[in-house]
1. What number of residues within segment 92-140 satisfy the criterion of being at pLDDT 90 or above and of a type outside the set (Lys, Arg)?
2. Exactly one condition in (1) over 24 Å from Gly12 (Cα atoms); (2) in contact with a helix residue (DSSP H, G or I) (Cβ under 6 Å, 6 or more places away or on another chain); (3) not charged (D, E, K, R) is not met by Ser74; state its number.
3. Looking only at segment 3-19, decide whether some residue is without any contact (Cβ under 8 Å) to a residue 60 or more places away in the chain, out of contact with any Lys or Arg (no Cβ under 9 Å at 6 or more places or on another chain) and not in a loop (DSSP other than H, G, I, E, B).
4. On the given criteria, is Gly48 in contact with an Asp or Glu (Cβ under 8 Å, 6 or more places away or on another chain) and closer than 28 Å to Pro91 by Cβ?
5. Please determine whether any residue of segment 71-87 is of a type in the set (D, E, K, R) and more than 22 Å from Leu52 (Cα to Cα).
6. If Asp117 satisfies every condition in (1) exposed (fewer than 11 other Cβ atoms within 10 Å of the Cβ); (2) acidic (Asp, Glu); (3) within 14 Å of Ile18 (Cα to Cα) but one, which is the exception?
Amino acid sequence: MTKPEKIEKTHGVPVATIHFRSYELPLLELFVYFVQHAASALGIPASGVAMLPRRRQLWTVPRSPFVHKKSQQSFERVTHKRAIKLWDANPQILGFLETYMAKHEMGGVGVRVVRWDRAPLSVGQAVYLNALKHPNSHREMLDNASKRVIKAEKKAANRLRRAQDVLLAQQKEEYQSQQLMARKAEEVAATAAGTYAATRAARGAAGGSAEDEAKLADGAIAEGGVDDAEYDEEDGDLEEYDEEGGELEDDGDEVDSDADSDAEDSDWESDSDDEADSLDEFEEGESSTPDDGFFEERPVESPTAAIPRR
């Protein structure tokens, strides 16, 4: 292979450094040679090839686990590195070189280009004059940024409001559907109750089981211990007892209990008269006891006498 033409430096200003990396050394050397010839063809002063340190990586893995762990295998990977430095090149020409390398890149070789771009003299004065010409440029940028932020926040708030409206509408529809279902259930229940009442009335008119049910109801009321009221078969109502007049018979007539009350009063009066006569006799000294020995003195036994001792 012929060596590339060497171009001398004019100012000695570095403009770029090109790094090459590859696991295959022949491919790496070939691509470095290609870049050297391309740089000399464009008139860019280039240095020789710099040999950078290699990077060596080792891995050891067991061939078989458990009892065969001692049987292991090692793997090695070596990364070869090269570098070229360029001087005194126009940025546009350097861009052409980068485009040419990207167009003819080689598989298995990595390339990294580090460039140094230089600004012309009095660049600070140019920036200062530009700031004087547009004093409100920063304020306008801030205003535009704030307007964009406010617009984005309003848009997000509108989206949230629309989502809330949709959710409320769904909840309202569910509530209305539940109300409608409840109303329908009430109508069905009322219709069933009316049908049941009509059926019972028809059975009563036909003399069927409706009368039996009425009799059973009367018997349940009588056995239930209803003290203050009685069921009236004719009117279908409950009539209260008359405490002064007495009970109510089946035909609705009252029973006169004045005679019974008068007899009881006469008995109480006769008893009181007998008690008064006996008291008078006791005061006069007459004894009303049937046996004179009833009040004889008798020995009082001790309550502990009947208790056996241990």
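The values are calculated or read from the model by the stated rules, or taken from the named source; none is laboratory data. Fair warning: this is a prediction, and the values are worked out from it, not measured in the lab. Cβ: placed from backbone, ideal geometry, glycine included. Neighbour counts: every protein chain shown.
1. Matching residues across segment 92-140 total 22.
2. (2)
3. Pass one, segment 3-19, residues without any contact (Cβ under 8 Å) to a residue 60 or more places away in the chain: 3-8.
From the residues that got through so far, the ones that are out of contact with any Lys or Arg (no Cβ under 9 Å at 6 or more places or on another chain) too are 3-8.
From the residues that got through so far, the ones that are not in a loop (DSSP other than H, G, I, E, B) too are none.
No: segment 3-19 contains no residue that is without any contact (Cβ under 8 Å) to a residue 60 or more places away in the chain, out of contact with any Lys or Arg (no Cβ under 9 Å at 6 or more places or on another chain) and not in a loop (DSSP other than H, G, I, E, B).
4. no
5. There is no residue in segment 71-87 that is of a type in the set (D, E, K, R) and more than 22 Å from Leu52 (Cα to Cα).
6. Going through the list (1) exposed (fewer than 11 other Cβ atoms within 10 Å of the Cβ); (2) acidic (Asp, Glu); (3) within 14 Å of Ile18 (Cα to Cα), Asp117 breaks only (3).
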